[in-house]
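To start, the structure under review is shown below, and the notes come after it.
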Amino acid sequence: MTTGLQNDLLIRAAFSQPTERPPVWIMRQAGRFMKEYWDIKNRYSFLEMCKTPEIAADVTMLPVDLLGVDAAILFSDILVTAEAMGGQLSFEQGVGPQFANPVRNRADAETLRTDVVDKLQYVGDAIQVIRQRLQGRIPLIGFAGAPFTVLSYLVEGGSSKDFKRTKLLLHNEPELAHFILQKIADVTVDYLNLQIAAGINALQLFDSWALALSWDDYKTFAHHYNTYIFSKLNRAGVPVISFCKGSSVFAPLMAEAKPNVVSVDWNADLRHVKDSLPHGVAVQGNLDPFVLYADKKVIREKILHLFERMRGQDGFIFNLGHGIMPDIPFDNVKYAIEVVKEFRF
Ligand code: CP3
């Protein structure tokens, strides 16, 4: 397969082809642990940054230029689909995302629109600008939020510790939950196909809060819709990564949905998960992000230990088990990436 990319390690690993070392990128790599992010953030609101292609491209490029990662990830947010559907979204410093009009009943749900792909064209435009900047050096990863995780923000009206309202909806009004989830899934299919048409090289579906669900509820309210989305994508040549917190438990179901890669949280032994999945399903992960606060010696040891476990395995992308925290020292992140890039299988 020819990708036309100078560095196609990520694409090869995602398709379970041999690589000389694991590719590395970091979830939330375009963000607040970088001083250069704040230099931009202090001038614009978060949504302005997402909606202005030149600025989104500037932020996307920061970890490419400053860290030397093997993939760029589009600068955006998983909640832009919900915003396009009618959610009144804002991001307050220290509070996180908030919807002023949470979805609490059938009437609220009826107002959510699905013919919204045109409203997300700014993401397609950003992808064009980023591709020009990347000049084929490394792949660009696109992404979207998975229906269950996006639903949780719409229903709770923001972040939640226990997802109480969301779970009440699933348990007491499953039909209404399915009505909303199907709408989000349809928008997500259009949105990811827009990103593919605009030229992304890989994509990741974030089901960040699936960990809150029981096995049966995960199957019914998350897995079902993720499977639907993966089946509707124009994904030839574009590997699909499925991420959730809870993947240590849900990995077998995640693989059943037919992504190319299962991204694994840090609770599991990555080799054990890899061995348990069908042949040809790659894994991504799974360093505990808190390791990046530790001494460099520890960072090195933990990464090399993971690599020893994965030695001889095709289909392995190095990443954290979840997103990087804003106060992790930049120097430690840079060091971790150097350790990965020096390694040879
Ligand atoms: O990975 C990247 O660097 C690309 C950009 C990206 C952002 N959000 C930028 C962002 C990606 C891939 C996301 C995904 C996202 N957004 C997820 C899934 C990823 C995960 O970690 O599980 C989730 C759950 C969200 C929802 C969201 N957006 C939250 C909870 C927050 C607040 C986070 C916090 O800790 O305050 C955001 C805002 C957000 N998205 C920021 C960034 C850089 C911070 C905005 C700021 O500067 O204040």
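The values are calculated or read from the model by the stated rules, or taken from the named source; none is laboratory data. As the structure is a prediction and not an experimental result, all values here were calculated from the model. Using ideal geometry, Cβ is built from the backbone for each residue, glycine included, and neighbour counts are taken over all protein chains shown. Accessible surface is based on the protein model in full, side chains and every heavy atom, while ligands, DNA and RNA are left aside. Shrake-Rupley method; radii C 1.70, N 1.55, O 1.52, S 1.80 Å.
I'm checking my understanding of the structure. Among residues of region 276-306 that are touching a strand residue (DSSP E or B) at 6+ places or on another chain (Cβ under 8 Å) and away from the ligand (no atom under 16 Å from the Cβ), which one is nearest to residue 245 (Cα to Cα)?
Applying the first criterion (touching a strand residue (DSSP E or B) at 6+ places or on another chain (Cβ under 8 Å)) to region 276-306 yields 277, 281-289, 292, 302-303, 306.
If we keep only those that are away from the ligand (no atom under 16 Å from the Cβ) as well, we get 277, 281-283, 302-303, 306.
Numbers: 277: 17, 281: 18, 282: 17, 283: 14, 302: 20, 303: 20, 306: 19 Å.
Restricting to residues being touching a strand residue (DSSP E or B) at 6+ places or on another chain (Cβ under 8 Å) and away from the ligand (no atom under 16 Å from the Cβ), the top hit is 283.
Restricted to region 1-56, and to residues there that are touching a helix residue (DSSP H, G or I) at 6+ places or on another chain (Cβ under 6 Å) and of a type in the set (S, T, N, Q), the residue that is farthest from residue 317 (Cα to Cα) is 3. Would you call residue 165 within 25 Å of residue 211 (Cβ to Cβ), of a type outside the set (A, V, I, L, M, F, W, C) and open to solvent by 40 Å² or more (accessible area, probe 1.4 Å)? It is true that residue 165 is within 25 Å of residue 211 (Cβ to Cβ), of a type outside the set (A, V, I, L, M, F, W, C) and open to solvent by 40 Å² or more (accessible area, probe 1.4 Å).
Applying the condition of being in a loop (DSSP other than H, G, I, E, B) and at pLDDT below 95 to region 68-103 and asking which residue is surrounded by the fewest Cβ atoms within 10 Å (Cβ to Cβ) yields 94.
Within region 131-154, is there a residue that is of a type in the set (Val, Ile, Thr), within 17 Å of residue 56 (Cα to Cα), in contact with an Asp or Glu (Cβ under 9 Å, 6 or more places away or on another chain) and in a helix (DSSP H, G or I)? For region 131-154, residues of a type in the set (Val, Ile, Thr), within 17 Å of residue 56 (Cα to Cα), in contact with an Asp or Glu (Cβ under 9 Å, 6 or more places away or on another chain) and in a helix (DSSP H, G or I): absent. A residue that is among the small types (Gly, Ala, Ser), farther than 20 Å from residue 80 by Cα and in contact with a Ser or Thr (Cβ under 9 Å, 6 or more places away or on another chain) occurs nowhere in region 199-209.
Where helices (runs of 4 or more DSSP H) sit wholly within region 1-58, those with at least 1 residues that are touching a residue at least 12 places away in the same chain (Cβ under 8 Å) and open to solvent by 50 Å² or more (accessible area, probe 1.4 Å) occupy 35-41, 46-51. Quick check: is even one residue across region 109-123 within 13 Å of the ligand (Cβ to nearest atom), at pLDDT 95 or above and either part of a loop (DSSP other than H, G, I, E, B) or farther than 30 Å from residue 342 by Cα (or both)? There is at least one residue in region 109-123 that is within 13 Å of the ligand (Cβ to nearest atom), at pLDDT 95 or above and either part of a loop (DSSP other than H, G, I, E, B) or farther than 30 Å from residue 342 by Cα (or both). Every listed requirement among (1) away from the ligand (no atom under 15 Å from the Cβ); (2) open to solvent by 10 Å² or more (accessible area, probe 1.4 Å) is met by residue 65 save one, (1). Scanning region 73-99 for residues that are more than 7 Å from the ligand (Cβ to nearest atom), under 21 Å from the mean Cα position of the chain (by Cα) and of a type in the set (S, T, N, Q) turns up 81, 90, 98.
Which is within 19 Å of residue 220 (Cα to Cα) and touching a Gly at 6+ places or on another chain (Cβ under 7 Å), of 148, 206, 179, 163? Steps first, answer last, please.
Working: 148 fails: touching a Gly at 6+ places or on another chain (Cβ under 7 Å); 179 fails: touching a Gly at 6+ places or on another chain (Cβ under 7 Å); 163 fails: touching a Gly at 6+ places or on another chain (Cβ under 7 Å).
Just a single option satisfies the conditions, and that option is 206.
Residues that are within 16 Å of the ligand (Cβ to nearest atom) and either in contact with a Pro (Cβ under 9 Å, 6 or more places away or on another chain) or open to solvent by 10 Å² or more (accessible area, probe 1.4 Å) (or both) within region 209-224 comprise 209, 211, 212, 213, 222, listed in sequence order.
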